[in-house]
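Since the structure comes first, as structure tokens, the remarks are kept for the end.
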Amino acid sequence: QVQLVESGGGLVRPGGSLRLSCAASGSIFSIYAMGWYRQAPGKQRELVATITSVGSTNYADSVKGRFTISRDNAKNAVYLQMNSLKPEDTAVYYCNADRLYDYSRTTGNYWGQGAQVTVSS
């Protein structure tokens, strides 16, 4: 059973920083891409950033230059360093693992439970 567990959310003032972490556990052979998505109240879930197993990254325009995604393939972990946070970054942040292969070569797309990030003075 594959699980993704996020940590690191919380309340921060505008201009502050937070670091989100996500670790995938279970019978994992490989993961093609890991990423972060977010969903604000009343809005659809949107992409924040993704990173492939070879380090190729993709960012939403709204976070470019402020957020940095990184990955530790040995730990099946992905991180999101968020700097210069704005109130509009307030959302539940979800970790995603895309094309995760287990040792039976079954593949799937998995989500974490979500971590609340609130940016407010």
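The values are calculated or read from the model by the stated rules, or taken from the named source; none is laboratory data. From a predicted model like this one, the values you see are computed outputs, not experimental measurements. Accessible surface is based on the protein model in full, side chains and every heavy atom, while ligands, DNA and RNA are left aside. Shrake-Rupley method; radii C 1.70, N 1.55, O 1.52, S 1.80 Å.
Taking 0.36 nm per residue of sequence separation and removing the Cα-Cα distance, the V54/D72 pair yields an extension gain of 5.4 nm. Considering all different alpha carbon pairs of the chain, the Kirkwood hydrodynamic radius works out to 14.4 Å. Applied to region 23-33, the Karplus parametrisation 6.51 cos²θ - 1.76 cosθ + 1.60 on θ = phi - 60° returns per-residue 3J(HN,Hα) values of 10, 9, 10, x, 7, 10, 8, 7, 10, 5, 9 Hz, with x for Gly and Pro.
Accessible-area rank, largest first, for R71, R45: R45, R71, with all protein chains present and a 1.4 angstrom probe.
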